[in-house]
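Report on the following structure.
Here, each number is a calculation from the coordinates, and none is a lab measurement. Everything quoted here is computed from the prediction, not taken from an experiment. Cβ placement follows ideal geometry from the backbone for every residue including glycine, while neighbour counts extend to all protein chains displayed.
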Amino acid sequence: MALRMIELAISKDAAGDLDEAIGEIEPLGVWRGALDDDLMLVRVLVSSERSESVVDALESRFHENSAFRLLIFEVAATVPTPDVDERENDRKKKDKPESGDEEPERVAVAELVEELSSGAKVNRAYILMVLLSAVVAAAGLMRDNVAVIIGAMVIAPLLAPNMTLALATTLGDLKLARSALFVNIVGFIFALLVATLAGMLVPFDPTVREIATRTDTSLSDIAVALAAGVAGVLAFTTGVSATLVGVMVAVALLPPLVAAGLLLGSGDWFLASKALVLVATNVICINLAAVGAFLFQRVHPRYWWEAERARKMVLLASVVWVLMLAALVGLIVLAQQE
């Protein structure tokens with residue numbers, strides 16, 4: 001089981017409240033030390049699935065403390081290894097939570113926001129990753145080489161922006177949603193421009209299998225995109241590596257986008273439009289499934305006054321995405337009947 005170290009800085013006059021708080025949260029370990037004459041540092045070791053409730057409990061108790069600061073760290077290893085399962089089972093038997101009140105088996109919302117938002121920013125590294133992945137994908141599509149295409153998908157620069165957009169929607173965070181949307185748009189534009197330029201400069205056969213399959217959207221593509229969205233959320237919320245999941249999300253986004261650019265560059269507007277339909281379908285499905293997965297994982301705003309805004313944002317986004325998806329599915333079905 002993954003572990004988290006929570007560091008808490010508070011003033012020493014809150015030591016009494018701290019003892020009471022530690023007794024309530026029942027951590028795997030507690031260490032205290034003095035920062036100076038007035039401040040103390042407390043380290044609390046908990047399982048990752050309990051980090052959400054522990055962070056909320058500590059913040060609600062000490063947020064008004066003038067020196068309050070809380071940090072969350074992922075623990076790679078600890079010696080000796082704590083018997084987490086036995087301790088957690090004993091605690092659950094003792095508390096006997098009512099149905100629906102169990103702690104969610106995921107990392108804390110604060111950790112999710114920090115991890116995803118930090119990986120969804122427009123900077124030189126992000127632009128270079130998009131450009132490199134687009135160049136490699138274009139080469140793989142032109143050569144009809146699956147191995148090269150997979151190499152481009154391993155880079156997966158579009159994973160974090162799409163997961164961040166879904167998280168922002170779930171939390172009702174308009175600022176984060178605008179930032180994630182901007183990063184997504186920039187990434188899509190750069191990838192499309194690189195692929196279009198490659199299509200203009202390098203002759204290729206648009207009938208090769210790896211390009212042709214990206215211009216023929218089917219209902220199975222929708223299933224793949226929905227699964228990719230759910231897998232992406234589960235990877236981030238459970239604290240496991242998102243590398244392999246990034247490949248899965250990239251399957252639904254990068255190759256069809258690059259295929260559309262190549263076809264635009266070669267002047268084949270009709271096939272390019274069909275590839276763009278696949279891109280749009282996949283973007284909608286990934287975000288729709290990701291929001292549903294976040295809700296299933298009980299990701300919600302940390303403060304009650306944000307809940308209503310989040311509910312409205314989720315409802316609005318879901319309605320828009322479902323309507324757009326229905327329209328695209330209609331186009332796909334009509335195209336298959338022709």
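Tabulated results
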{"quantity": "Shape of region 164-239, Cα gyration tensor, a/c cut at 1.5", "calculated": "oblate"}
{"quantity": "Sorted by Cβ density within 10 Å, fewest first, the residues Thr164, Thr196", "calculated": "Thr196, Thr164"}
{"quantity": "Under the Karplus curve 6.51 cos²θ - 1.76 cosθ + 1.60, θ = phi - 60°, whole-Hz ³J(HN,Hα) for region 182-198, x wherever Gly or Pro sits", "calculated": "5, 4, 4, 4, 4, x, 5, 5, 5, 5, 5, 5, 4, 5, 5, 4, 5"}
{"quantity": "Theoretical ellipticity at 222 nm over the chain - DSSP helices of four or more residues, -39500 (n - 2.57) apiece, nearest 500", "calculated": "-22000 deg cm²/dmol"}
{"quantity": "Sequence of Lys12, Lys175 once ranked by neighbouring C-beta atoms within 10 Å, starting from the fewest", "calculated": "Lys175, Lys12"}
{"quantity": "Cα shape, region 187-226, gyration tensor, a/c 1.5 rule", "calculated": "oblate"}
{"quantity": "Within a Gaussian network of the chain (alpha carbon springs, distance under 10 Å), most fluctuating of Leu71, Leu276, Leu325", "calculated": "Leu71"}
{"quantity": "Cα→Cβ-extended label distance, 7 Å offset, between Glu306 and Phe73, nm", "calculated": "2.5"}
{"quantity": "Label zone at Ala34 (point 7 Å along Cα-to-Cβ), backbone N below 15 Å, region 42-83", "calculated": "42"}
{"quantity": "P(r) histogram, all alpha-carbon pairs of the chain included - 10 Å bins from 0, percent", "calculated": "5, 23, 27, 21, 13, 8, 3, 0"}
{"quantity": "Cα gyration tensor shape of region 3-95, rounded if a/c is under 1.5, else prolate or oblate by comparing a/b with b/c", "calculated": "prolate"}
{"quantity": "The chain: most fluctuating residue of Glu20, Glu114, Glu306 per GNM, C-alpha cutoff 10 Å", "calculated": "Glu20"}
